[in-house]
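Quick notes on the structure that follows.
The values are calculated or read from the model by the stated rules, or taken from the named source; none is laboratory data. These numbers were taken from a predicted model, which means no experiment stands behind them. Here the Cβ positions follow ideal geometry from the backbone for every residue, glycine too, while neighbour counts run over all protein chains shown. Each accessible area value is taken on the protein alone, full model and side chains, heavy atoms only, with ligands, DNA and RNA left out. Shrake-Rupley method; radii C 1.70, N 1.55, O 1.52, S 1.80 Å.
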Amino acid sequence: MVKAKINGITVNVPEGTTILEAAEKVQIKIPTLCKHPDLPPTASCGICIVKLVGSNKMLRACCTPIEENMDIITHDPEIVEVRRTVIELILSKHPNECLTCGRNGNCELQKLAEEFGIRTSAFQQFLPDIPPDTSTGTIVLEPRKCISCGRCVTVCQQNQNVWALCFMDRGFGTRISPAGDGVSLSESPCVKCGQCSAHCPTGAIFENDDTAKVWKALQDKDTYCAVQIAPAVRVAIGEAFGYKPGANLTKKIYAALRRMGFNAVFDTNFGADVTIVEEASEFVQRFTETPEKLPLITSCCPSWVDFMEKFHPDMKENFSSCKSPHAIVGVLAKTFFAKKRRIDPANMFVLSVMPCTSKKYEITRSDEMYSSGYQDVDVSITTRELARMIKQAGININDISEEEPDHVLGEYSGAATIFGVTGGVMEAALRTAYDYITGGKLKNVEFENVRGIEGVKEGAIPVNGFTVKVAVAHGLSNVEYVLNKVKEAKRAGKELPYHFIEVMACPGGCIGGGGQPYGITDEIRKKRGEGLYDEDHNCKLRYSHENPFVKKLYEEFLDKPLSEQSHHLLHTTYVKRPEYQK
Amino acid sequence: MEKKVILIKDTGFKSDTTRDIQSLFLKAIRDIGAEESIQIVRAADLGIYNQGVVVKILPDNTVYTHINSDNIDQIVKAVHKGEVLENLLLKDRVEQTRIVLRNCGVIDPENIEEYFSKGGYTSIAKCLFDLTPAKVIKEMKKSGLRGRGGAGFPTWMKWSFAANSFGDEKYVICNADEGDPGAYMDRSVLEGDPHSVIEGMTIAGYAIGAKHGYFYIRAEYPLAIERVENALKQAYERGLLGKNILGSDFSFDLEIRLGAGAFVCGEETALIASIEGKRGTPNPRPPYPTDSGLWKKPSIINNVETLANISAIFQKGGDWFSSIGTEKSKGTKVFAVTGKVKNSGLVEIAMGTSIKDIVYNIGGGVLNEKQLVAVQTGGPSGGVIPKKHLDTPVSYEHLQELGSIMGSGGMIVMDEDDCMVDISKFYLKFCVDESCGKCAPCRIGGYQMLSILNKISEGEGELEDMDKLHRISQAMQKASLCALGQTAPNPVISTLRYFEDEYKQHIIDKKCRAGKCSKLIQYTINPDKCKRCRLCVTNCPVSAITGDREHGYTIDQEKCIRCGRCFEVCKFEAIARV
Amino acid sequence: MKKMTRDDLEKCAQNTCQSTQYIKVGMSTCGIAAGAQDVFDIFAKEVKTRDINVNVCKTGCIGMCHAEPVVEVAVEGLPAVMYGGVTKEVALRILEEHVCGKRFVNDHIFDLPVRR
Ligand SMILES: Cc1cc2nc3c(=O)[nH]c(=O)nc-3n(C[C@H](O)[C@H](O)[C@H](O)COP(=O)(O)O)c2cc1C
Ligand code: SF4
Ligand code: SF4
Ligand code: SF4
Ligand code: SF4
């Protein structure tokens, strides 16, 4: 432990604690624009400077560990003056476009400018003239608004191991850019995870806004509009309306969506139950019939799929061919549901509300995404976009009364809802697979081993005298460790280290998705995750295959898991893709 | 018998009488019939200035100054007899002291034998066989050597941090990324005496427990790279590098890494990133490289000049070294003296020598007998020292007190034709161009300051711009991540401190005293002095001068680009700069 | 090549391996930029064709950049001196007057006061 003083207040913190963190412990907030709790410090904005009594240099609080007996001053007129000048300097290279900016209202730069009461621009404005990059259709890069904090680069390179973003040029001309000369983001290795947009303090990286398309569909009287919400959306969207992270707003959202004019309100969780039934069946099949195709690797995260197709195409065969839940709801809406209700699928519009930017890419990623004969999911929007739409629609989410989803694509089990958190897919699939293989029920359905925010989690479950070994990785930089172990074992002809692997591109899984409300931290991830686990815990249904509507779906429409019909509608294929499309 | 040679030179500024004096000497020598044993030769430069006629007698090295026709017979006789004339002797001669450059220009850098002949590699032998690493560091402490790369950090302390730091591997890095405009002493050392740096690095490696070292040399120094490569090869062949050096237990390997030419890569954390193959941008310290440096292992980074001192220290002892210099700044410093000075070049002086001595007694004074206005030290991180402080002794502390720094050793002499706003602009532009762009204060602050200076030099300045310059300077100094940004405003601050009036002249009177700021000057032709020679007309690159012999010539101010050609070529001083 | 020992080094330090008659050309970047290579070549060639017993060698920068190319000349019977601004013509004069004629060349001696 280290003992030191901050503004005269004594602090006792573990060795290695930075001045910034130590100050928080004694309720002192040191402003910063580049330090993000998720990321190592880039030390680039220069705003968190503090004074060390007895030295005339200033220290960066974000990256300086506090030392024994340090005497730190975090706020005095001189420090504030320096901070103000730095903020004004940053503003002198930043457009004054708050009113039309994607981050208006929750921009960290805007907030700081407001706190410092900056009213006039002291310095001449020099704006770079760089056009936005909209090439991916999922996330938009607007380098003009970039303040070069470096968070996105760190997240994309270190946490996601994709290296799609980098700084180009230097000095005053430094700009954020897809990595590679003259390469657009869609031509770069970017996997569309949106983690950059979730960490950007300003409006320089944001989701491609598709809400206009949704409003247009809703206005058209001849269009039958259906909507589905993903598991992770329900425990995060509240943050945009003042709720605590983890507050579960599922039924209020259903109500709001109906008021907005949707004809049918579904739940992606239903699709998750179907995914589990298919995927568990796939696992059982491989486990018992084709062990050479093990380990089975989950495929419900499109960024992970994209990453695999670019960086590990040799693992193609190990991927579950099952589509992700929202795609399943999409195709079932335009086939099963449309048939039942006698709606012409040509006139149907299916929206999915996702915590994810990558789903925008997934809905057109391959021919199989059109297996209903139409585009299965027409538009995918993020949690952030839905929150804005609810506000635009003038709906008071706090007071709105709860409503139920529409049959037949609405009911779900607790196993489905934990899809939204890392380890959840694994847990849900194991519950069903165990039942399939042993014909019996697990004593304890909650797998503590695969829960939590550690980057790689491993577990072993005895099944009929055999041990099923599993691994869960989230945050793409953690994938390498797991895959290397598999590849090494295969090369050496040794026993497989894992039989079943779950990967989610975003740290924490979908609850930490790139399209979720801003301000993500591990604390918030935990809360959102707890929200989902609570819902599962309190669910009567804990097994996907026991969802009565899922059963009905197979009875009436699909026959049985992995049937020809389900293969046609619910499964997809993978191809090797070049890292650079140029 | 060795002949005596009398070198003569008139060191006065006004006229050169060397030839006349030479004839008088010739006559005097003939008079005593000593033509065979005494030669008299006109020298080009004796390194002595403004002392009248000076003679130097070789091989005795006796120097007599202020000679006139009355002394000549006397001198010749004394030389002939081998006597010394005390009354004419030059006293208090300002001399260079060469430790770093001791072998430069003396030995053949491509021949290791010549380095041996100067006691080369005996220091590492002494360290390996007579001293423990702790004793090596103790000797370094005794010497008082401080880093010559800019910051002046005590070298022994850096070494002992690294020595006490835990690591299975440690590294020694020689910083030869020399990027300051006008500085080239590190290049000269590497080209002229590469083995001394290799020996210094090996001693450093032994002291901290490193087995591996890197030369980080900027790629623009091909000859230095070639000579270091050659020297490494020779040292390896003779067992002075590699496994079990000189048969001891100590092994040490050295490799060269080339710098891509960004100035900021000379900053130690950026340099490490660059060696590791990453984008060469500075990183926050702590952790300091001595704890976690290259590949996260304890590393020391020392400057070329620092390292070149090491073997000399162990040849002659730490006490000897600390006997040279001032109380807190020991040893010597090499300066690259340039600008409006007669003898531009490398000068190595003992710390404590005054700037005036460097400029006037070693540098030979200001070119064309113009007035000295200031001396700039420390390059883009330094500041100007105005004429009134020229007596200041050179040391880390004294220069810092004046708002400049020792820096890596650039020294630029400025005269009345140098404009202080222009000088600030020059240095600041260098830093703006070289900023890595990582941190906001430096990236944007530097650019804003430069644009304000540009405004001022174009006559568009306002008084409040001076406040803005101060404000941005403060933010850059306090909030920039690395020393590049922290020190980039120094040239501006120091010119503002000593030459505020000159800034005001630009802002209020819209005038540039030195005639450097082209937007603030005009060239006009004085018809009374003009002899209608047309020289200016033919020399103007944009044909801005029109007229004819009958009516005289005028300069079209719209067309004139203020290049000053006409002003220079006119033989009749008919063109005025206002 | 044989690895050296401490004794070897100490023996080498006693040797003055430079011959007593030499022409040493400053050949660092600054010298070469000022034409030192040509000067070196001239000396090397002339010494060979005239069969003069003097060693032509290179060295680093002595620091007198304003006087480059710089050449140090030592011949028996005369103290060593430094010449600056050595062009091809001056080089030839040095050979004829100084090396062969044992008389220093006027107006090119640069004598720096240096303590080593
Ligand atoms: C922008 C910048 C450029 C630098 N360039 C050099 C350089 O070219 N050579 C050098 O030795 N030190 C340079 N330094 C200083 C080094 O960071 C470091 O302090 C030095 O190499 C330490 O060696 P010393 O202790 O022997 O002086 C630079 C520092 C900064 C901030
Ligand atoms: S990024 Fe922030 S400060 Fe910039 S325009 Fe957008 S809201 Fe305003
Ligand atoms: S979306 Fe993900 S992969 Fe693409 S640039 Fe952003 S962080 Fe990198
Ligand atoms: S795009 Fe955003 S996160 Fe990336 S460097 Fe710029 S401001 Fe930071
Ligand atoms: S001070 Fe300048 S050079 Fe140094 S890290 Fe910051 S931007 Fe880069």
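Condition check: surrounded by fewer than 24 Cβ atoms within 10 Å (Cβ to Cβ) and modelled with pLDDT of 95 or more. Does A:Phe287 satisfy that?
No; evaluated as a whole, the condition is false for this residue.
Test each condition in (1) more than 14 Å from chain C (Cβ to nearest Cβ); (2) buried (at least 24 other Cβ atoms within 10 Å of the Cβ) for B:Ser196 and report the one that comes out false.
B:Ser196 satisfies every listed condition except (1).
Being more than 14 Å from chain B (Cβ to nearest Cβ), in contact with a strand residue (DSSP E or B) (Cβ under 6 Å, 6 or more places away or on another chain) and more than 8 Å from ligand 3 (Cβ to nearest atom) is the filter here; which residues of the stretch A:175-205 pass it?
A:Ser184
Within the bounds of the stretch B:216-230, is there any residue that is closer than 26 Å to B:Glu348 by Cα, away from every other protein chain (no Cβ under 14 Å), within 14 Å of ligand 1 (Cβ to nearest atom) and hydroxyl-bearing (Ser, Thr, Tyr)?
yes
Can you give me the number of residues within the stretch A:163-202 that are under 16 Å from A:Tyr580 (Cβ atoms), under 17 Å from the mean Cα position of the chain (by Cα) and open to solvent by 10 Å² or more (accessible area, probe 1.4 Å)?
Summing the residues that are under 16 Å from A:Tyr580 (Cβ atoms), under 17 Å from the mean Cα position of the chain (by Cα) and open to solvent by 10 Å² or more (accessible area, probe 1.4 Å) in the stretch A:163-202 gives 2.
Based on this model, can you work out whether A:Glu115 counts as within 13 Å of ligand 2 (Cβ to nearest atom), within 28 Å of B:Leu469 (Cβ to Cβ), more than 13 Å from every other protein chain (Cβ to nearest Cβ) and out of contact with any Ser or Thr (no Cβ under 9 Å at 6 or more places or on another chain)?
Yes, satisfied.
May I ask you to verify whether A:Thr417 is polar (S, T, N, Q), under 22 Å from A:Ile139 (Cβ atoms) and in contact with an Asp or Glu (Cβ under 9 Å, 6 or more places away or on another chain)?
no
Mind telling me which of the residues B:Ala336, B:Ala270 ends up being within 16 Å of ligand 5 (Cβ to nearest atom) and either of a type in the set (A, V, I, L, M, F, W, C) or within 14 Å of chain A (Cβ to nearest Cβ) (or both)?
B:Ala270
For the subset of the stretch C:45-64 comprising residues that are surrounded by fewer than 24 Cβ atoms within 10 Å (Cβ to Cβ) and within 14 Å of chain B (Cβ to nearest Cβ), which member is nearest to B:Ala183 (Cα to Cα)?
In this case the residue turns out to be C:Lys58.
Against the definition (within 16 Å of ligand 3 (Cβ to nearest atom) and either modelled with pLDDT under 95 or in contact with a Phe, Trp or Tyr (Cβ under 8 Å, 6 or more places away or on another chain) (or both)), how does A:Gly54 come out, yes or no?
no
Do we find that B:Glu220 is open to solvent by 60 Å² or more (accessible area, probe 1.4 Å) and in a helix (DSSP H, G or I) in this structure?
Spelling it out, it is not the case that B:Glu220 is open to solvent by 60 Å² or more (accessible area, probe 1.4 Å) and in a helix (DSSP H, G or I).
Starting from the stretch C:1-12, keep only residues that are more than 7 Å from chain B (Cβ to nearest Cβ), then list their pairs with residues that are of a type outside the set (Gly, Ala, Ser) and assigned to a loop (DSSP other than H, G, I, E, B) whose Cβ atoms are within a distance under 8 Å, requiring at least 6 positions of separation or different chains.
C:Lys2/B:Arg238
Out of the stretch A:67-101, which residues are away from every other protein chain (no Cβ under 11 Å) and open to solvent by less than 60 Å² (accessible area, probe 1.4 Å)?
Of everything in the stretch A:67-101, those that are away from every other protein chain (no Cβ under 11 Å) and open to solvent by less than 60 Å² (accessible area, probe 1.4 Å) turn out to be A:Met70, A:Asp71, A:Ile72, A:Ile73, A:Thr74, A:Asp76, A:Val80, A:Pro95, A:Glu97, A:Cys98, A:Cys101.
Is it the case that some residue within the stretch B:115-138 is within 26 Å of the chain's Cα centre (by Cα) and away from every other protein chain (no Cβ under 14 Å)?
no
Table: residues versus (1) more than 16 Å from ligand 2 (Cβ to nearest atom); (2) β-branched (Val, Ile, Thr).
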{"residue": "A:Gly171", "(1), (2)": "yes, no"}
{"residue": "A:Arg175", "(1), (2)": "no, no"}
{"residue": "A:Ala179", "(1), (2)": "yes, no"}
{"residue": "A:Ser184", "(1), (2)": "yes, no"}
{"residue": "A:Glu187", "(1), (2)": "yes, no"}
{"residue": "A:Lys192", "(1), (2)": "yes, no"}
{"residue": "A:Ala198", "(1), (2)": "no, no"}
{"residue": "A:Gly203", "(1), (2)": "no, no"}
{"residue": "A:Val214", "(1), (2)": "yes, yes"}
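Check the stretch B:45-64 and report whether any residue there is out of contact with any Cys (no Cβ under 8 Å at 6 or more places or on another chain), part of a helix (DSSP H, G or I), modelled with pLDDT of 85 or more and of a type in the set (Ser, Thr, Tyr).
No, the stretch B:45-64 contains no residue that is out of contact with any Cys (no Cβ under 8 Å at 6 or more places or on another chain), part of a helix (DSSP H, G or I), modelled with pLDDT of 85 or more and of a type in the set (Ser, Thr, Tyr).
Restricting attention to the stretch B:441-482, which residues are acidic (Asp, Glu), open to solvent by less than 10 Å² (accessible area, probe 1.4 Å) and not in a helix (DSSP H, G or I)?
none
So B:Glu83 passes all but one of these: (1) more than 14 Å from chain C (Cβ to nearest Cβ); (2) closer than 20 Å to C:Ile109 by Cβ; (3) touching a Lys or Arg at 6+ places or on another chain (Cβ under 9 Å). Which condition number does it fail?
(2)
Check whether at least one residue in the stretch B:389-397 is open to solvent by less than 30 Å² (accessible area, probe 1.4 Å) and within 14 Å of chain C (Cβ to nearest Cβ), and report yes or no.
no
I'd like the residue in the stretch A:102-121 that is among the hydrophobic types (A, V, I, L, M, F, W, C) and buried (at least 19 other Cβ atoms within 10 Å of the Cβ) and, out of all such residues, is nearest to ligand 4 (Cβ to nearest atom).
Among those residues, the one meeting the criterion is A:Leu109.
Which of the residues belonging to the stretch B:442-467 are among the charged types (D, E, K, R), more than 18 Å from B:Arg497 (Cβ to Cβ) and more than 10 Å from chain A (Cβ to nearest Cβ)?
Selection gives B:Glu458, B:Glu460, B:Glu462.
Tally time: how many residues in the stretch C:1-35 are within 14 Å of B:Leu240 (Cβ to Cβ) and β-branched (Val, Ile, Thr)?
1
Results for (1) within 14 Å of another protein chain (Cβ to nearest Cβ); (2) within 16 Å of ligand 4 (Cβ to nearest atom); (3) under 18 Å from B:Arg577 (Cα atoms); (4) open to solvent by less than 50 Å² (accessible area, probe 1.4 Å), shown as yes or no for each residue.
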position	(1), (2), (3), (4)
B:Asn490	no, no, no, yes
B:Ile493	no, no, no, yes
B:Glu500	no, no, no, no
B:Lys510	no, no, yes, no
B:Gly515	no, no, yes, yes
B:Ile521	no, no, yes, yes
B:Pro527	no, no, yes, no
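Looking at the stretch B:293-317, which of its residues are open to solvent by 40 Å² or more (accessible area, probe 1.4 Å) and out of contact with any Lys or Arg (no Cβ under 9 Å at 6 or more places or on another chain)?
Of everything in the stretch B:293-317, those that are open to solvent by 40 Å² or more (accessible area, probe 1.4 Å) and out of contact with any Lys or Arg (no Cβ under 9 Å at 6 or more places or on another chain) turn out to be B:Trp295, B:Lys296, B:Lys316.
Which one of these does A:Glu523 not meet: (1) in a helix (DSSP H, G or I); (2) surrounded by 23 or more Cβ atoms within 10 Å (Cβ to Cβ)?
(2)
Somewhere in the stretch A:367-384, is a residue open to solvent by 20 Å² or more (accessible area, probe 1.4 Å) and within 19 Å of A:Glu309 (Cα to Cα)?
yes
Within the group B:Lys141, B:Lys135, B:Lys158, which residue is away from ligand 4 (no atom under 16 Å from the Cβ), assigned to a helix (DSSP H, G or I) and without any contact (Cβ under 8 Å) to a residue 60 or more places away in the chain?
None of the others qualify; the one that does is B:Lys135.
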